[in-house]
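Undergrad: Mind looking over this structure? Questions follow.
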Amino acid sequence: DRRCRDVVFLVLFLAAVLGMIIVSAVAFGRGNPTTLKYAQDRGGLLGQWFSRSMLGLKKDVDVVAGTFCLSAVAGLAWVWVFKTHFTEAFAYTLLALGITGFFTTSVYLVVVGNRRENEGLVTVGWIMVVASFILVVMAFLLRRRIAMTVQLVKEACRGLNKYPSLFVVSALLSIVFAIFVAYWVAAMLYLSSIKEDESDEGFVRHEKTVRSLSFFMIAGMSIIPQTMYVWR
């Protein structure tokens, strides 16, 4: 039975979607990203970080788009590898590479921290070293469960080979999610460019209302993708 049984959540979800549409309409109507130069927000460190992030996103939008395309290609390649070459040895190889990379990073942090006399880096590095050994022990103790997980993944891959439409549906949902992310980023850029006034130094001062709308969009970004994942 796939009918909706959580009407309250459905109403809240639709309200969140409607709210994001209204906020983005305000942003597209009042904002102008071409005027973004540099920003200073009266909302404290969080507001300043958000304003600078939006400014950096405006400058590096081509990098963000290229990274997303590369991630999509890598994801498709990863699915193909799982469908055709996934074995227990392959799983242990991935696990070993991950732990090795984690341990290498921890050693690097310890070395750099000692050179710079930075106790924080050294502490984090040693914590990661200990965590690396814990991961090795856990992998050994959970080897039977890992083998069981490998068999489950192999069965799932057989299901994908037998019903390729499952892969198509997932791909379509991924495209929908990509469009949603692009819409969200554009709305945030326009929203961050809305200004109440401009000081003599040229700093953009955001209204408190605009800040609140920005936080609402961030909350929507965390809720709607999770709902799409559940529906998938």
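The values are calculated or read from the model by the stated rules, or taken from the named source; none is laboratory data. For clarity, every value in this text was computed on a predicted model and none was experimentally measured. Note that each Cβ is placed from the backbone with ideal geometry, even for glycine, and that neighbours are counted across all protein chains shown. Side chains are part of the model used for accessible areas, which takes the heavy atoms of the whole protein and leaves out ligands, DNA and RNA. Shrake-Rupley method; radii C 1.70, N 1.55, O 1.52, S 1.80 Å.
Undergrad: Using only the heavy atoms of the protein chains and a 1.4 Å probe, how would C157, C69 rank by accessible area, largest first?
TA: Greatest to least solvent exposure: C69, C157.
Undergrad: Is the C-alpha gyration tensor of segment 79-180 telling us rounded, prolate or oblate? Criteria: a/c under 1.5 is rounded; beyond that, a/b larger than b/c is prolate, otherwise oblate.
TA: Note, shape of segment 79-180 comes out oblate.
Undergrad: A follow-up question, please. Give the ranking of R30, R211 by solvent-accessible surface, highest area first, calculated with a 1.4 Å probe.
TA: Largest accessible area first, the list is R30, R211.
Undergrad: Please report the accessible area of S222 (heavy atoms, 1.4 Å probe, ligands and nucleic acids excluded) in Å², nearest 10.
TA: Number for this one is 70 Å².
Undergrad: Roughly how many percent of the accessible protein surface of segment 72-142 is carbon and sulfur, given a 1.4 Å probe and a whole-percent answer?
TA: 76 percent
Undergrad: Based on the mean of other Cβ atoms within 10 Å per residue, sort peptides 167-173, 184-190 so the most packed one is first.
TA: Highest mean packing first, the order is 184-190, 167-173.
Undergrad: Moving on. Could you sort M148, M217, M138 by accessible area so the largest value comes first, with the probe set to 1.4 Å?
TA: M148, M138, M217
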